[in-house]
1. Filter the range 10-37 down to residues that are small (G, A, S) and farther than 17 Å from S53 by Cα and give me whichever is modelled with the highest pLDDT.
2. Identify all residues within the range 5-23 that are surrounded by 12 or more Cβ atoms within 10 Å (Cβ to Cβ) and more than 13 Å from L71 (Cα to Cα); write none if there are none.
3. Only one of (1) modelled with pLDDT under 65; (2) among the charged types (D, E, K, R); (3) within 30 Å of I2 (Cα to Cα) is not met by E60, so which one is it?
Amino acid sequence: MIANYLMYSASVLYFICYLPELYANYKNKNANIYNLPEKVIMLIATALALSYSVINNNPELMANYAPLIILDVGALTMRLYYARKNETKPEMIEFLEKTSDDIEEIIDMFTVDIHSL
(Lines give C-alpha, C1' and ligand atoms only; values in the text may rest on other atoms or scores of the structure.)
Protein backbone atom coordinates (compact mmCIF):
# COMPACT_ATOMS: atom_id res chain seq x y z
CA MET A 1 0.00 0.00 0.00
CA ILE A 2 2.87 2.40 0.75
CA ALA A 3 4.30 1.72 -2.71
CA ASN A 4 1.03 2.95 -4.22
CA TYR A 5 1.38 6.26 -2.36
CA LEU A 6 4.92 6.59 -3.66
CA MET A 7 3.65 6.28 -7.23
CA TYR A 8 0.78 8.72 -6.66
CA SER A 9 3.24 11.19 -5.11
CA ALA A 10 5.53 10.83 -8.13
CA SER A 11 2.55 11.49 -10.40
CA VAL A 12 1.68 14.71 -8.60
CA LEU A 13 5.30 15.89 -8.71
CA TYR A 14 5.60 15.16 -12.45
CA PHE A 15 2.37 17.04 -13.06
CA ILE A 16 3.61 20.02 -11.06
CA CYS A 17 6.86 20.09 -13.05
CA TYR A 18 4.97 20.58 -16.30
CA LEU A 19 3.01 23.60 -15.13
CA PRO A 20 5.87 26.16 -15.15
CA GLU A 21 6.87 25.11 -18.66
CA LEU A 22 3.34 25.45 -19.99
CA TYR A 23 2.91 28.78 -18.21
CA ALA A 24 6.25 30.09 -19.56
CA ASN A 25 5.37 29.05 -23.11
CA TYR A 26 1.99 30.73 -22.84
CA LYS A 27 3.31 33.87 -21.16
CA ASN A 28 6.32 34.33 -23.48
CA LYS A 29 4.47 33.08 -26.55
CA ASN A 30 7.80 31.80 -27.74
CA ALA A 31 9.10 28.42 -28.78
CA ASN A 32 11.51 27.29 -31.39
CA ILE A 33 11.55 24.35 -33.71
CA TYR A 34 14.62 22.83 -32.02
CA ASN A 35 12.63 21.84 -28.90
CA LEU A 36 10.10 19.80 -30.87
CA PRO A 37 12.05 16.51 -31.16
CA GLU A 38 12.33 16.36 -27.38
CA LYS A 39 8.58 16.83 -27.00
CA VAL A 40 7.79 14.20 -29.65
CA ILE A 41 10.05 11.65 -27.94
CA MET A 42 8.49 12.43 -24.55
CA LEU A 43 5.01 11.96 -26.02
CA ILE A 44 5.96 8.60 -27.55
CA ALA A 45 7.57 7.46 -24.29
CA THR A 46 4.54 8.48 -22.26
CA ALA A 47 2.19 6.74 -24.70
CA LEU A 48 4.25 3.53 -24.45
CA ALA A 49 4.30 3.72 -20.65
CA LEU A 50 0.54 4.33 -20.54
CA SER A 51 0.00 1.36 -22.87
CA TYR A 52 2.13 -0.79 -20.57
CA SER A 53 0.11 0.28 -17.53
CA VAL A 54 -3.19 -0.49 -19.29
CA ILE A 55 -1.99 -3.89 -20.52
CA ASN A 56 -0.85 -4.81 -17.00
CA ASN A 57 -3.95 -3.26 -15.42
CA ASN A 58 -1.85 -1.15 -13.04
CA PRO A 59 -3.99 1.73 -11.71
CA GLU A 60 -1.05 3.52 -10.10
CA LEU A 61 0.84 3.74 -13.37
CA MET A 62 -2.35 4.68 -15.23
CA ALA A 63 -2.89 7.50 -12.74
CA ASN A 64 0.66 8.65 -13.45
CA TYR A 65 0.75 8.46 -17.24
CA ALA A 66 -2.81 9.44 -18.20
CA PRO A 67 -2.43 13.08 -17.05
CA LEU A 68 1.13 13.17 -18.38
CA ILE A 69 0.03 12.20 -21.88
CA ILE A 70 -2.48 15.05 -21.82
CA LEU A 71 0.25 17.44 -20.69
CA ASP A 72 2.67 16.10 -23.33
CA VAL A 73 0.10 16.65 -26.08
CA GLY A 74 -0.60 20.14 -24.75
CA ALA A 75 3.10 21.03 -24.53
CA LEU A 76 3.80 19.69 -28.02
CA THR A 77 0.80 21.50 -29.50
CA MET A 78 1.79 24.74 -27.81
CA ARG A 79 5.38 24.46 -29.04
CA LEU A 80 4.23 23.69 -32.58
CA TYR A 81 1.86 26.65 -32.55
CA TYR A 82 4.39 29.16 -31.25
CA ALA A 83 7.24 27.80 -33.37
CA ARG A 84 5.07 28.22 -36.46
CA LYS A 85 3.76 31.60 -35.38
CA ASN A 86 7.21 33.01 -34.56
CA GLU A 87 9.16 31.51 -37.44
CA THR A 88 11.43 33.99 -39.12
CA LYS A 89 11.07 34.72 -42.79
CA PRO A 90 13.92 35.11 -45.22
CA GLU A 91 14.78 38.73 -46.00
CA MET A 92 13.63 38.47 -49.63
CA ILE A 93 10.16 37.30 -48.59
CA GLU A 94 9.89 40.15 -46.08
CA PHE A 95 10.98 42.61 -48.76
CA LEU A 96 8.44 41.27 -51.26
CA GLU A 97 5.65 41.35 -48.69
CA LYS A 98 6.46 44.97 -47.80
CA THR A 99 6.62 46.04 -51.41
CA SER A 100 3.76 43.97 -52.75
CA ASP A 101 1.53 47.04 -52.93
CA ASP A 102 4.04 48.72 -55.24
CA ILE A 103 4.64 45.69 -57.45
CA GLU A 104 3.55 47.50 -60.62
CA GLU A 105 6.07 50.26 -59.98
CA ILE A 106 8.83 47.71 -59.36
CA ILE A 107 8.00 45.88 -62.60
CA ASP A 108 7.99 49.16 -64.53
CA MET A 109 11.44 50.08 -63.12
CA PHE A 110 12.98 46.91 -64.51
CA THR A 111 11.04 46.71 -67.77
CA VAL A 112 12.76 47.71 -70.97
CA ASP A 113 10.63 48.70 -73.94
CA ILE A 114 12.25 46.93 -76.86
CA HIS A 115 10.08 48.73 -79.44
CA SER A 116 11.66 52.08 -78.64
CA LEU A 117 15.16 50.74 -79.25
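1. A24
2. Hits for the range 5-23 are M7, Y8, A10.
3. Tallying (1) modelled with pLDDT under 65; (2) among the charged types (D, E, K, R); (3) within 30 Å of I2 (Cα to Cα), E60 fails exactly one: (1).
Results for (1) of a type in the set (D, E, K, R); (2) touching a helix residue (DSSP H, G or I) at 6+ places or on another chain (Cβ under 6 Å), shown as yes or no for each residue.
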site	(1), (2)
Y5	no, no
K39	yes, yes
P59	no, no
M62	no, yes
P67	no, yes
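Yes/no matrix, rows are residues, columns are (1) in contact with a Phe, Trp or Tyr (Cβ under 8 Å, 6 or more places away or on another chain); (2) more than 15 Å from L80 (Cβ to Cβ); (3) assigned to a helix (DSSP H, G or I):
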residue	(1), (2), (3)
Y23	no, yes, yes
M42	no, no, yes
T46	yes, yes, yes
S51	no, yes, yes
N57	no, yes, no
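The values are calculated or read from the model by the stated rules, or taken from the named source; none is laboratory data. All values reported here derive from a predicted model rather than from experimental measurement. Note that we place each Cβ from the backbone using ideal geometry, even for glycine, and neighbour counts take in every protein chain shown.
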